[in-house]
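Here's the structure, in C-alpha cells; my notes come after.
The values are calculated or read from the model by the stated rules, or taken from the named source; none is laboratory data. Everything numeric here is computed off the predicted structure, so don't read it as measured data. Note that we place each Cβ from the backbone using ideal geometry, even for glycine, and neighbour counts take in every protein chain shown. Keep in mind that these areas ignore ligands, DNA and RNA; they rest on the heavy atoms of the full protein, side chains included. Shrake-Rupley method; radii C 1.70, N 1.55, O 1.52, S 1.80 Å.
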Amino acid sequence: MPEPQEPEGAIAGTGMGGAMDLAVSEATTLEGGRPDGSGPAGKPRSLWSDAWRDLRRNPVFIISALVILFLVVISLWPSLIASGNPLKCDLSKAQEGSQPGHPFGYDGQGCDVYTRTVYGARTSVTVGVCATLGVALLGSVLGGLAGFFGGFWDSILSRLTDIFFAIPVVLGGLVLLSVVTSSTVWPVIGFMVLLGWPQISRIARGSVITAKQNDYVQAARALGASNSRLLLRHITPNAVAPVIVVATIALGTYISLEATLSYLGVGLKPPTVSWGIDISAASAYIRNAPHMLLWPAGALAITVLAFIMLGDAVRDALDPKLR
C-alpha cells in the first residue's frame, strides 16, 4: 500500500526544515509588515492615521459625516434643492398645509416653509462653524500659552476663566445682544466667542501641561530648542486632539444656542432666515398649523444631533484609552 503523501508546501513538524520555514516566515513578516497590518516594522502608524482608520469603520461617523456634508452643500448652494425665494410670501396662503410644489406648506406670513427651512441651514452652519473656529483659536492660544509658561499669566487666566464661567450663557445673551440692532450673524458669533473660549482654554491648558512633561519635550529642551519650536513642533501636535474633540461637539451646541437666542428675540433678526426665527414665529400657531413648527425644529434637531455624533466618533477615535 502506498504511503500517504503530505500536502504540497506543508511545514515539517520536526527537524531543521520546520525551523527554516519559521525563520523564512518571520523574515517575510518583517519585510512586508506586521500581521496586524500596521505597516512595515520600525514605521508604526501615528495617532492620526490610527484615528482615521477607526473613523472609516465607524458607522456613526459615516452617517453623521454624510448628513453634515449634505448640510454644507445646501448651505453653499441652496438653490440646488429649493428654487423659491425664502422672503417671497403670499398672505392668502398663510398657514396652509402641504401642496404640490410646496411639500412643507406655508407659514403664518404665507412664506414657503420648505424654502425657508433649506435657506435656514446656511445661517445655522455659518454661525456654528465661525463661532467654533473663533472659540477654538482664541481658547487654544490663551490656554496653550498659559499652560506652557505657567506662573503669573497662568494664574491670571485661571481667574479670568472663572469669571466667564460664572456668567449664564442665555442670560448673558439676553443682556448683551438686546442692545444690538444689527441683523447680521456677526454680533451673535462674537457673543459666542466671548463666552465660549474659557472651556477650550482650560482643555488646551491641561493638554499642554501634560504634553510638556513628556521625555521627548525635555530632551528637545536639553538640546537647546527654543520655546517657539517646542510649542509648534513638539507640544501642539500632541496636545491638539482634545481641543478638536471638544470643538467638534461644541459646534452643535452653538447652532442650538443661536436658535435659542433667535427664538427669544435677541439673536438673529428678520429679514435674516433662521430656524430659530421660524420656530419662534410658529410657536403661536402650533395648534392650528403644527407643520410650521415641525419642519424647522426637525431640521435643527437633526443638525445638532449630527454634529454631536461626529464629535463622539472623533473622541472615541482619538482617545488611546478607548482602544
Given the conditions (1) of a type in the set (Val, Ile, Thr); (2) over 19 Å from Glu258 (Cβ atoms); (3) loosely packed, with under 11 Cβ neighbours inside 10 Å, and given that Val179 satisfies all but one, which numbered condition is not satisfied? (2)
Hey, any hits in the range 184-201 for a residue that's in contact with a helix residue (DSSP H, G or I) (Cβ under 7 Å, 6 or more places away or on another chain), open to solvent by 40 Å² or more (accessible area, probe 1.4 Å), assigned to a loop (DSSP other than H, G, I, E, B) and modelled with pLDDT under 90? no
Restricting attention to the range 129-152, does a residue exist that is at pLDDT 90 or above, out of contact with any His (no Cβ under 6 Å at 6 or more places or on another chain) and among the hydroxyl-bearing types (Ser, Thr, Tyr)? yes
Inside the range 96-120, the number of residues satisfying the requirement of being of a type in the set (Gly, Ala, Ser), within 24 Å of Ser183 (Cβ to Cβ) and either surrounded by fewer than 24 Cβ atoms within 10 Å (Cβ to Cβ) or free of Cβ contacts under 8 Å to residues at least 24 places away in the same chain (or both) is 2
Matching residues in the range 232-255 - criterion: being buried (at least 19 other Cβ atoms within 10 Å of the Cβ) and over 27 Å from Thr126 (Cβ atoms): His234, Ile235, Ala239
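Matching residues to (1) modelled with pLDDT of 85 or more; (2) open to solvent by less than 60 Å² (accessible area, probe 1.4 Å); (3) part of a helix (DSSP H, G or I); (4) among the hydroxyl-bearing types (Ser, Thr, Tyr):
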| position | (1), (2), (3), (4) |
| --- | --- |
| Leu30 | no, no, yes, no |
| Asp36 | no, no, no, no |
| Gly42 | no, no, no, no |
| Arg45 | no, no, no, no |
| Ile63 | yes, no, yes, no |
| Leu69 | yes, no, yes, no |
| Val73 | yes, yes, yes, no |
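Would you call Ser178 out of contact with any helix residue (DSSP H, G or I) (no Cβ under 9 Å at 6 or more places or on another chain), over 30 Å from Leu231 (Cβ atoms) and at pLDDT below 90?
Working: out of contact with any helix residue (DSSP H, G or I) (no Cβ under 9 Å at 6 or more places or on another chain): yes; over 30 Å from Leu231 (Cβ atoms): yes; at pLDDT below 90: yes.
The answer is yes for Ser178.
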I'm trying to understand the selection: among the residues of the range 150-181, which are small (Gly, Ala, Ser), over 28 Å from the mean Cα position of the chain (by Cα) and part of a loop (DSSP other than H, G, I, E, B)? Gly150
With Pro78, Pro86 as the choices, which residue is of a type outside the set (D, E, K, R), in contact with a Cys (Cβ under 7 Å, 6 or more places away or on another chain) and open to solvent by less than 60 Å² (accessible area, probe 1.4 Å)? Pro86
Give the range 161-176 a look and list any residue that's more than 22 Å from Leu261 (Cα to Cα) and surrounded by 12 or more Cβ atoms within 10 Å (Cβ to Cβ), or say none. Thr161
